[in-house]
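Below: the structure, in structure tokens.
Quick note: the coordinates plus some simple rules give every number you see, no bench work behind them. Just so you know, these numbers come straight off a predicted model, no measurement behind them. Heads up, the Cβs are rebuilt from the backbone with ideal geometry, glycines too, and the neighbour counts pull from every protein chain shown.
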Amino acid sequence: MIELDSVDRQILRALSEDATQSASALGRALGLSQPATWRRIKRLRETGVIAGQRLDLDRERLGFGVAVFLGVKLATKGRVSLEDFERAVTAIPEVQTVEHILGLYDYRLRVVARDISDFERVLRRRIMTLPGVGDVEANVLLSEERRPGPIG
Amino acid sequence: MIDWRKLGYAVEVSLRVTLDKAQPRAFEEFAQAARKIPEVLEIQSFLGRVDTRLSVIARDMAHYQQIYRESILGLPHIADVEALMHVARIKSDEALPL
């Protein structure tokens, strides 16, 4: 586990809000020199605490009006079928995330589509034909909010 | 993107929450209170069998239990909670099929 001090936490908080800030601008805001800030950011990246940067696209403006979360239960289980299912599901472009979970379902998928009829196409042609797929539950996303998390 | 596992948060749980629909402002009040829990990473609302979903992280199962008992169960308008535990992320790029 990586230990953070209060300055690391401030840097993380600032970068989660705006990852494009330069080390010198960030340093000025926090009262640190540019090299000191840069060294801290470099350590956060090298230790993998900062896993990467993501471009936040507005999916609705790009014409993807619908996001649906699918809970998928596999009909047949076993090592081979899990791998087959995972390989096939990750290859579907409309599937944005795949999470293996424990509980009511085996997998949780985030699927985007242009509209409901486009979603129906994805569901029928791509999801229901996946190897080993069993029960599928769909929940249409109405709102979502990401929180900064326990940075401290 | 922060890798919370690297910061010692080994547990990630999806909480599917059913709200008391007799309350017109149930979701707003629920979301407002959920924002005050630092371990809550995502708040989503749905049309379907599930009303809302919280993504919650914890250091270990004991810590999760503490968050669940002390913070989550105190949220307003909860009718039912169902927990799903994350095992692995198979795909997470969130790219759009452009």
As straight-line cross-link partners of A:Lys42, the qualifying lysines (C-alpha separation under 17 Å, not fewer than 8 residues apart within one chain) are B:Lys6
In debye to the nearest 20, the charge dipole size for the stretch A:24-139, taken about the Cα centre with +1 at each Lys and Arg Cβ and -1 at each Asp and Glu Cβ, equals 660
If each K or R counts +1 and each D or E counts -1, the residues other than A:Arg39 whose Cβ falls under 14 Å of its Cβ total +1
Magnitude of the Cβ-charge dipole (Lys and Arg +1, Asp and Glu -1) of chain B about the Cα centre, nearest 20 debye, reported as 80
Summing -39500 (n - 2.57) over every DSSP H run of at least 4 residues in chain A and dividing by its residue count gives a helix-only mean residue ellipticity at 222 nm, to the nearest 500 deg cm²/dmol, of -10000 deg cm²/dmol
Percent relative contact order for chain A, counting Cα pairs under 8 Å at least six residues apart, stands at 26
Relative contact order in percent for the stretch A:6-46 (Cα pairs under 8 Å, 6+ apart) equals 32
Quick note, the stretch A:6-46: a/c under 1.5 would make it rounded; otherwise a/b > b/c is prolate and the rest oblate (a ≥ b ≥ c, C-alpha gyration tensor); here it is rounded
Highest GNM mean-square fluctuation among B:Gln65, B:Gln32, B:Gln23, for chain B with Cα springs under 10 Å, belongs to B:Gln23
Within 10 Å of the Cβ of an average residue in A:90-102, the count of other chain Cβ atoms is 5
